[in-house]
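Let me begin by presenting the structure, written as structure tokens, before commenting on it.
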Amino acid sequence: MIRKKILLLGDFNVGKTSLIQRYIDNTFDDKYLTTIGVKISKKFLPVGTIECELIIWDVEGATPQKQIPEQYLVGASGAIIVADCNREETIENLEGHIKHFKAVNPDGKYVVAYNKSDLLSAEQHEHFDLKPETFLTSAKRGEHVNDLFSTLAKEIFT
Amino acid sequence: MKNIQIILNAILSQDVFEYILVDRRYRITDFSENVSRYFDEATQGGNDIRHYLPEIVGYEEEIQTVLEKGNNRYVLETVYKNNYYINIILEYYSEEKVLILLHNTTEITLSKLELLQYSNENQLLYNTIKKILDSQNNLLLVTSNNKIEYANRKFLEYFSIKNLDELKERREKNFSISSLPVKSFNELYAYAKDEEKELMIGEDTFLVKATMLETTYQLFTFSKVTKLSEANQSLEEKINRDPLTGLYRKSFFDEKLAEALEYEQTVTLVIADIDNFKTVNDHYGHLAGDSVLREFADLIKNQLRENDIFARWGGEEFLILFNCSKQEKIVEKIETIRKMVETHSFETVGALTVSFGVATSRENETVQSLLERADRALYFAKTNGKNMVVVK
Ligand SMILES: Nc1nc2c(ncn2[C@@H]2O[C@H](COP(=O)(O)OP(=O)(O)OP(=O)(O)O)[C@@H](O)[C@H]2O)c(=O)[nH]1
Ligand SMILES: [Mg+2]
């Protein structure tokens with residue numbers, strides 16, 4: 001069994017927990033219950049004949065008062081860096097989260113999620129020009145959530 | 001020996017600690033009885049610890065250093081497991097084994113969680129309110145004890161202050177920043193608390209209103225009074241402009257032309273007409289057509305001087321009025337413009353050409369007669385192959 005650790009990193013309330021919930025259980029909850037510390041989920045992902053498992057770390061969000069503890073970042077093969085596409089400041093902070101992740105895991109792979117895309121107008125949707133490895137996701141509607149995880153998994157396992 | 005003491009103490013102290021021992025290959029060799037409550041299934045010796053504690057994945061190197069160095073210790077705090085919050089501690093046990101201590105911190109973590117939830121919700125609310133205040137057109141200011149606590153974006157912009165932090169840093173000097181013609185915010189409050197009052201800041205007139213927030217904060221709302229002459233000027237500007245291209249309208253152009261003729265100035269009038277423009281609209285649609293008109297207007301505008309008057313007549317026809325009697329100079333300039341358009345590649349549609357009719361005013365010229373002559377020149381250009389400058 002090959003097990004790889006991946007992290008969801010980003011500011012608080014951007015939808016990290018919701019993305020994982022959508023990916024693992026295919027459900028969504030409107031209520032905001034903040035995450036403290038970390039919660040781990042597993043996802044079995046056979047690659048060919050090899051048994052692979054993603055160990056997904058739902059990490060508490062960074063707040064203006066508190067950054068994410070470094071101990072959580074150790075030994076990760078990849079990360080999904082999440083922003084809320086409706087909150088400018090969470091987008092500005094993406095760069096910082098990426099740097100933090102890369103400082104601990106120089107060989108780590110990452111993808112970026114601009115979440116809550118369901119709240120954008122059609123016109124704003126257009127306006128987002130996405131680089132490769134960047135996804136406009138909606139945990140609420142399930143849009144591009146599987147793409148997000150499977151792109152990162154592919155990067156890590158192949 | 002020290003470690004065994006820890007385990008014993010831990011187990012004795014109200015099941016706050018559980019333990020697991022693992023070997024170099026992450027196999028479970030021993031564990032405390034209640035450890036399974038943190039896992040989805042019962043613990044079994046010989047199994048890979050990472051099956052029960054996937055949190056260990058990624059910490060393999062750390063575990064090896066614990067075995068090798070003896071005194072290393074790693075702590076992973078606040079891990080949610082099966083409705084509990086635990087700290088996972090990796091400790092040296094022997095040269096062959098690592099001790100994993102699971103420290104139950106549920107109670108304290110739940111109270112921390114409650115605080116975090118509250119603080120995050122407040123932070124979101126604060127961000128929303130801040131955005132609302134920043135979107136206001138009025139200058140808003142909150143003070144307490146004669147010091148500025150908060151100012152919205154409009155306020156900061158007006159006084160050229162970078163951000164709220166800068167404002168707070170300069171706290172003692174708060175008052176000189178705002179350059180208000182009163183000595184203190186308390187004084188200002190007394191002045192404006194009952195009704196809206198007029199106030200001059202520099203050249204500008206404001207209406208100021210003061211309101212008490214709770215018992216300690218004072219909110220000041222400054223709304224700028226726009227002078228009527230300023231308002232009229234910008235309105236006039238709007239009326240005289242073609243909304244698509246931003247160029248002058250024909251009516252304004254006529255007025256200026258009539259003025260010039262009245263003062264017996266020699267002027268040169270140029271009519272420009274984009275060739276085969278109808279096919280652009282037919283082929284690419286009206287949106288593309290509009291964008292061509294804008295691009296064309298910008299292209300030519302850049303070639304003109306400040307006091308040349310450039311207007312849109314309507315459709316794809318444009319007018320230029322040169323306040324200059326040297327016709328050859330103007331024709332030369334128009335010829336350059338014609339060539340420039342010919343070689344320019346327009347967005348979506350690519351290459352286009354333009355025809356020009358030119359006429360210079362004579363004695364007793366009227367707006368009508370000058371326009372007619374330029375128009376005849378344009379007609380000649382259009383019927384003789386287009387993409388040329390014709391003078392009448
Ligand atoms: N409309 C919409 N709401 C979303 C989406 N994803 C999450 N939310 C909501 O946003 C709020 C925060 O979601 P979480 O998943 O808890 O966010 P988080 O990043 O885990 O937050 P922290 O744990 O505090 O860092 C919740 O109320 C969710 O219901 C989305 O795609 N669209
Ligand atoms: Mg969360």
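Rule-based calculations on the coordinates, nothing more; no lab input. Everything quoted here is computed from the prediction, not taken from an experiment. Note that each Cβ is placed from the backbone with ideal geometry, even for glycine, and that neighbours are counted across all protein chains shown.
See the values below:
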| item | result |
| --- | --- |
| Label zone at A:Glu51, where the point sits 7 Å out along the Cα-to-Cβ direction: the stretch A:1-26 residues whose backbone N lies under 18 Å | A:1-5 |
| Chymotrypsin sites (Phe, Trp or Tyr not before Pro) within the stretch B:182-239: DSSP coil, no more than 14 neighbouring Cβ in 10 Å | none |
| Distant-in-sequence amide H partners of B:Val391 (H built 1.01 Å from N, under 5 Å) | B:Val358 |
| Cβ neighbours within 10 Å from other chains - mean over B:56-63 | 5 |
| Angle in degrees between helix B:250-262 and the longest Cα principal axis of chain B, rounded to the nearest 10 | 40 |
| Point-to-point label distance, A:His125-B:Phe159, nm (Cα→Cβ direction, 7 Å offset) | 4.5 |
| Positive minus negative residues near B:Ala192 (Lys, Arg vs Asp, Glu; Cβ under 13 Å) | -2 |
| Relative contact order (%) - criterion: Cα under 8 Å, at least six apart; region: chain B | 9 |
| Cβ-based net charge around B:Asn127, under 9 Å, with every Lys or Arg adding one and every Asp or Glu removing one | +2 |
| Cα-projected label distance for B:Glu332 with B:Ser111, points at 7 Å along beta-carbon direction, nm | 8.9 |
| Which listed pairs, of A:Lys154/B:Lys131; A:Lys39/B:Lys97; A:Lys42/B:Lys130, have C-alpha distances above 32 Å, in listed order | A:Lys154/B:Lys131; A:Lys42/B:Lys130 |
| Between 0 and 90°, nearest 10: helix B:286-301 axis offset from chain B longest Cα axis | 70 |
| Ranked by how many other beta carbons lie within 10 Å on average, peptides A:37-47, B:79-89 from highest | B:79-89, A:37-47 |
| Rounded, prolate or oblate (a/c below 1.5 giving rounded, otherwise prolate when a/b exceeds b/c) for the stretch A:2-157 by Cα gyration tensor | rounded |
| Residue-wise HN-Hα coupling along the stretch B:382-392, computed from phi with Karplus coefficients 6.51, -1.76, 1.60 (Hz; x: Gly, Pro) | 5, 8, 10, x, 6, 6, 8, 10, 10, 10, 10 |
| Length added when fully stretched, B:Glu121-B:Thr353, from 0.36 nm per residue minus Cα-Cα | 77.4 nm |
| Angle in degrees between helix B:106-134 and the longest Cα principal axis of chain B, rounded to the nearest 10 | 10 |
| The protein assembly as shown - share of DSSP beta bridges that are antiparallel (%, nearest 5) | 70 |
| Residues of type lysines that B:Lys386 reaches as a straight line, Cα spacing below 16 Å, ignoring anything fewer than 8 places off in the same chain | B:Lys278, B:Lys339 |
| Cα gyration tensor category, rounded, prolate or oblate, for the protein assembly as shown with a/c compared to 1.5 | oblate |
| Among the listed pairs A:Lys99/B:Lys112; B:Lys326/B:Lys392; A:Lys66/B:Lys81; A:Lys5/B:Lys81, those beyond 19 Å (Cα-Cα) | A:Lys99/B:Lys112; A:Lys66/B:Lys81 |
| Formal net charge of residues neighbouring A:Thr90 (Cβ-Cβ distance under 9 Å; K, R +1; D, E -1) | -4 |
